[in-house]
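Student: So that we are looking at the same thing, I have put the structure below in structure tokens.
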Ligand SMILES: [Zn+2]
């Protein structure tokens, strides 16, 4: 993925409208690419800075961006973790379902012989 595409995704990313896949692309890209990281920082500062000026909140935006990126990287790591207990349950359900279907099909085929 090149810088042009990343640049297009940045506004979406800042509004939290990216898909997990797009987010992963951006996070991977800004690790390698200083220009895009800068672009992201500037757009974030502009967007958030205006919000803060209006609401009069505190102003440590760089730290905030770092925090936000870190949170996203962390959730990404969590998502990549091999099968959560819930996911494992779903997989077992599917395997169970598949066995039932296989048995039914087997019986149908057998009864037709
Ligand atoms: Zn780039």
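Student: In degrees between 0 and 90, to the nearest 10, how far off the longest principal axis of the chain does helix 3-14 point, with axes built from Cα atoms?
Tutor: 90
Student: Need the full-extension length gain, residue 24 to residue 108, defined as separation in residues times 0.36 nm minus the C-alpha distance. One decimal, nm. Each step should come with its number before you reach the end.
Tutor: Working: separation 84, 0.36 × 84 = 30.24 nm, distance 4.65 nm.
Fully extending the segment from residue 24 to residue 108 adds 25.6 nm.
Student: How would you order 24-32, 11-19 from highest to lowest mean count of nearby Cβ atoms within 10 Å? Working shown, then result.
Tutor: Details: 24-32: 16.0, 11-19: 13.9.
Per-residue mean Cβ counts within 10 Å order the peptides as 24-32, 11-19.
Student: Got the relative contact order for the chain handy, in percent, Cα pairs under 8 Å and 6 or more residues apart? Please report the intermediate quantities before stating the final value.
Tutor: Numbers: 37 pairs, mean separation 21.1, N = 113.
Averaging sequence separation for qualifying contacts and normalising by length gives 19 percent for the chain.
Student: Between residue 15 and residue 92, 0.36 nm times their residue separation minus their Cα-Cα distance comes to what? The partial results should precede the final answer.
Tutor: Working: separation 77, 0.36 × 77 = 27.72 nm, distance 3.68 nm.
Extra length from residue 15 to residue 92 when fully extended: 24.0 nm.
Student: Another one. Measure nothing but the geometry: give the 0 to 90° angle between the long axis through the Cα atoms of 34-55 and the longest principal axis through the Cα atoms of the chain, rounded to 10°.
Tutor: The answer is roughly 70 degrees.
Only the coordinates and a few stated rules stand behind these numbers; no lab work does. This is a predicted model, so every value here is computed, not measured. As a convention, Cβ positions derive from the backbone with ideal geometry for all residues, glycine included, and neighbour counts pool all protein chains shown.
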